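Step one of this worksheet: look at the structure below.
The values are calculated or read from the model by the stated rules, or taken from the named source; none is laboratory data. Predicted model only: the values in this text are computed from it and were never measured. We place every Cβ from the backbone using ideal geometry, glycine too, and count neighbours over all the protein chains shown. Surface areas here come from the heavy atoms of the whole protein model, side chains and all, with no ligands, DNA or RNA. Shrake-Rupley method; radii C 1.70, N 1.55, O 1.52, S 1.80 Å.
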Amino acid sequence: MSPRYEPRPLEAKWQKIWEERGLFNAQEDPARPKYYVLEMFPYPSGRIHMGHVRNYTIGDVVARYKRMRGFNVLHPMGWDAFGLPAENAAMARGLHPAAWTYDNIAYMRRQLKELGYSYDWRRELATCDPDYYRWEQLVFIEMFRRGLAYKKEAPVNWCPKCATVLANEQVEEGLCWRCDSPVHLKELNQWFFKITAYAEELLADLDQLTHWPERVLTMQRHWIGKSPGAEIYFPLEKGGEPLTVFTTRADTLFGATFMSLAPEHPLALSLAQGTGQEEAVGNFVDYWRAQNRSRGALEEVTKEGVFTGSFCVNPVTGWRMPIYVANFVLMEYGTGAVMAVPAHDQRDFEFAQKYGLQDKIKKVISPPRDKYLAALSQGAYEDEGTLVDSGQFTGMASAAAKEAIAGFLEEKGQGKVAVHFRLRDWLISRQRYWGAPIPMIYCERCGLAPAPESDLPVVLPLDVAITGEGGSPLAQLPSFYEVKCPTCNGPARREVDTMDTFVESSWYFLRYACADYTEGVLEPARVNYWAPVDQYIGGIEHAVLHLLYARFFTKVLRDLGMVAIDEPFQRLLTQGMVLKDGAKMAKSKGNVVDPEYMIAEYGTDTTRLFLLFAAPPEKDLEWSDQGVAGSARFLHRLWNLVQDLLPELQGVSPYQGPGTGLSPELSEFRHKVHATIKKVTEDIEDSFHFNTAIAAVMELVNTFYLAAERKPREAAALPVFREAVEAILLLVSPMVPHIAEELWQALGHTTLILDVPWPQPQAEALTVSALTVVIQVNGKVRSRMVVPASATDEDIKNGALNDPAIAKWLQGRPPKKVILARRKLVSIVV
């Protein structure tokens, strides 16, 4: 054993041994309980950052701990390798996206191996590999056959100069981020997954996820957004199909006095025809279609609208309701049409004030007496109450009136009871190159058909030029899109859209279970052994879309007979960010700490220890150079403690108990050891609070130093010390595995520490048989004594006064005061 702790050589040594022995290669074993721990896989951007390191270190500790607890652990790693950043990097660097991606994968794989993570690298996958996405294409075809994948017109952000679709984040103040051209909404045929077919189940099954953070469950419930209410038909004054409105407040129908449509509503422009409002409405619609139309963005803008020149009729009052196009109405919510009730909706009230519609404010809900004054002080009363001026429903409470009015409308054919979901079908089309091809073929004679399964995978060609202009490169490549119709063998055209990269990340965790399987999407026996994931770890930024899509995809694969589970992830941990100077690390802020520098300067174990110790995993972590140095000092201290004791511990067996016959000092020390085992186990098992677990071990090491300094040693001390050293190494081995393996071997063990069972606290050692009491004289520590746990308070005080080390401070005089605090401290005032 080296006299100095030199982390890098010993870390390389043990990483090589683990790899040569295939220590982390998981194999199905029905005789053992399984545990599948998974961190969200990374995008291969070129370098791992501290956020990655924190995420993967948490997962690695869980994997190693569960293995020591007797579980058969699966802990895989792969790459979320498709996506727009690779295309952007290709244009910026003059590289092909494939070359850039695979170079990054090789570099990041090396970095991850340097951190000593316990991955089964045999299961590594990259979503850009045809051997991966061929099975995704097969699932797409099965979904198409069942009506779960379909194509329809949908508005997209369109840059006419680049001739390409832009994501919302690529539209900057209405302009293309690349060429600064004005962006317009354009209707394109787009592919969708019918996630709404699972809306009810996706919502209900959230109740099963009792080990998910409540805020994630809340976010998912909000995104799915189940709303019971009514659909109401408002006849158009000029005739034709009525306007359909969905509302959760049918009780306010008698106060609906005008109508608001989304700029994207199919009737927005046609209602203006022949009214003299064509130009005003057209300009308004064109402008607002080009803006960011997300709900969050619209909350920041001034509410605006334009009169279409047309009217509809309130089905219960007969009121002639002017129809406006308004910027605050979204097509994806409800039906894209909102009945305006300005007396009972503040947004509608402000709109009425702005556009001279004060005569349209009609009160139909009277507030309860305790809310009457508050209602008078605001523009609109938005809560429930008692109906007034509402025909036959006057006097009813809002809750009852909602059902009664919906039922009345259904009887009259003027509406119906309905449930709407905020959730909309998943648009998966991308008019970009670096993604999985959609395996569909268009024939003028036969229509739309899947590619023959024998032709899968539909391979993404590599002989393309990435320019960012002229639309998808695939549309410029006849060798890709010119095919034969699988039905009539005539000329046909292959789909040139690629899939949203969220599709690849919606099922990768299942493919890990059988990554080498070549006969189908999933191998049932293996995937059903490992699934579901027992512990999933990733950032809160994926709380909605990724997790929702993964849940949806799992249910689809279940219904296709490919997997037997309903939910993919039993437990979820959303780790906090790594901050520096109070902000998230980012190159633009100049506050990035390079993991490679940390490893070279301090070693892998120190880096891991700091990230685990500095904060609970679910909280943000503030980077601290002093904290890193402190973690390094602790590992040096642990190394020196074991090294100093090593000559005496050679050939000594750990103390087995029971603790009878030990001195009070050794009994108390042994109690500390087993109390620490208990605390560390509980902190990891119950909450993954590695920070408090590490703090407990640090405290034990401090106690150990004090115990080891006492000389001469009684005969029983060395077995107790051996027991303590082994317990400490076992407890820290999931967090700092390299130094733990080195010190474990130095003790003479031939079995790897990862293959040793997790220590268990002994009940008899947890029983306190002795107390260490600190003795102060005039506020300064002058001695310590050990007394039986059964000693009375008077016994402890008398023992302190009779302690030989205290006699010289008393000098034969009686003390003024003797105070006993928590049976741990005697304070003597002389």
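Only bridges whose two residues both fall in segment 412-571 count here: according to DSSP, what percent of them are antiparallel, nearest 5?
Counting DSSP beta bridges with both partners in segment 412-571, the antiparallel share is about 85 percent.
So what is the relative contact order of the chain, in percent, for Cα pairs below 8 Å that sit 6 or more residues apart?
Normalised by residue count, the contact order of the chain is 14 percent.
In whole percent, what relative contact order does segment 74-184 give with Cα contacts below 8 Å and a gap of six or more residues?
It rounds to 22 percent for segment 74-184.
Put 454, 667 in order of accessible area, largest first, 1.4 Å probe: what do you get?
If we order 454, 667 from most to least accessible, we get 454, 667.
Which ³J(HN,Hα) values, rounded to whole Hz and listed in residue order, are derived for segment 327-339 from phi using the Karplus coefficients 6.51, -1.76 and 1.60 in 6.51 cos²θ - 1.76 cosθ + 1.60 with θ = phi - 60°, glycine and proline given as x?
6, 8, 9, 9, 5, 7, 10, x, 10, x, 10, 10, 6
Taking the 0 to 90 degree range and rounding to the nearest ten, how far is the long axis of helix 717-732 tilted relative to the main principal axis of the chain, both from C-alpha atoms?
The angle comes out near 10 degrees.
Given a 1.4 Å probe and heavy atoms of the protein chains only, how would you sort 510, 820, largest accessible area at the top?
820, 510
If you count only protein heavy atoms with a 1.4 Å probe, what accessible area per residue comes out for the chain, rounded to a whole Å²?
Each residue of the chain exposes 43 Å² on average to a 1.4 Å probe.
Work out the FRET efficiency for residue 427 and residue 346 from their Cβ-Cβ distance, taking R0 = 25 Å, and round it to the nearest 0.05.
So the FRET efficiency works out to roughly 0.20.
Send over the semi-axes of segment 675-779's equivalent ellipsoid, whole angstrom and largest first, taken as the square roots of 5 times the C-alpha gyration tensor eigenvalues.
In descending order the semi-axes read 25, 19, 14 Å.
Evaluate the Kirkwood expression for the hydrodynamic radius of the chain, namely the inverse of the mean inverse distance over all pairs of different C-alpha atoms, and round to one decimal in Å.
Kirkwood radius, the chain: 32.1 Å.
Could you pull out every residue, at least 5 positions away or on a different chain, whose amide H is within less than 5 Å of the one on residue 309? Hs are placed 1.01 Å off N in the peptide plane, and Pro or chain starts have none.
When sequence neighbours closer than 5 places are left aside, the close amide H contacts are 323.
Whole angstrom only: what separates the Cα centroid of segment 501-530 from the Cα centroid of segment 721-760?
Between the Cα centre of segment 501-530 and that of segment 721-760, the gap is 35 Å.
Using just the helices of the chain, give the 222 nm mean residue ellipticity in deg cm²/dmol: DSSP H runs with n ≥ 4 each add -39,500 (n - 2.57), and the total is spread over all residues, rounded to 500.
-11000 deg cm²/dmol
How large is the charge dipole for segment 448-509, taken about the Cα centre, if only the Cβ atoms of Lys, Arg (+1) and Asp, Glu (-1) carry charge, to the nearest 20 debye?
200
Would you check the accessible area of residue 735, probe 1.4 Å, heavy atoms only, in square angstrom rounded to 10?
Spelled out: residue 735, probe radius 1.4 Å, area about 10 Å².
Treat every Asp and Glu Cβ in segment 583-714 as -1 and every Lys and Arg Cβ as +1, leave all other atoms uncharged, and give the resulting dipole magnitude about the Cα centre to the nearest 20 debye.
120
Specify the angular offset, from 0 to 90 degrees and rounded to the nearest 10, of the alpha carbon long axis of helix 278-289 from the longest principal axis of the alpha carbons in the chain.
Around 20 degrees separate the two axes.
Give the accessible area for residue 703 in Å² (nearest 10); use a 1.4 Å probe, count only protein heavy atoms, and leave out ligands, DNA and RNA.
Surface accessible to solvent at residue 703 totals approximately 40 Å².
Taking H placed 1.01 Å from N in the peptide plane, check which residues at least 5 places from residue 35 or on another chain put their amide H under 5 Å from its amide H.
Hits under the 5 Å cutoff: 72, 73, 74.
Enter the angle in degrees (range 0 to 90, nearest 10) between the Cα long axis of helix 664-687 and the first principal axis of the Cα atoms of the chain, meaning the one along which they spread out most.
10
Leaving ligands, DNA and RNA out of it, rank 482, 682, 504, 231 by accessible area with a 1.4 Å probe, largest first.
Descending accessible area places them as 482, 682, 231, 504.
Over the chain, what is the percentage of antiparallel beta bridges among all DSSP beta bridges, to the nearest 5?
For the chain, the DSSP antiparallel bridge percentage is about 75.
Accessible surface of residue 701 in the full protein assembly, 1.4 angstrom probe, to the nearest 10 Å²?
0
At a Förster radius of 45 Å, what calculated FRET efficiency corresponds to the Cβ-Cβ distance of residue 161 and residue 597, to the nearest 0.05?
0.60
Taking a quarter of the surface of the Cα convex hull of segment 442-512, what do you get in nm²?
Spelled out: convex hull of the Cα atoms, projected over all directions, averaged, 6.4 nm².
How high is the relative contact order of segment 214-257, in percent, counting Cα pairs under 8 Å that sit 6 or more residues apart?
The value is 31 percent.
Rounded to the nearest 20 Debye, what is the dipole magnitude of the chain about its Cα centre when Lys and Arg each give +1 and Asp and Glu each give -1 at the C-beta?
Rounded to the nearest 20 debye, it is 2240 debye.
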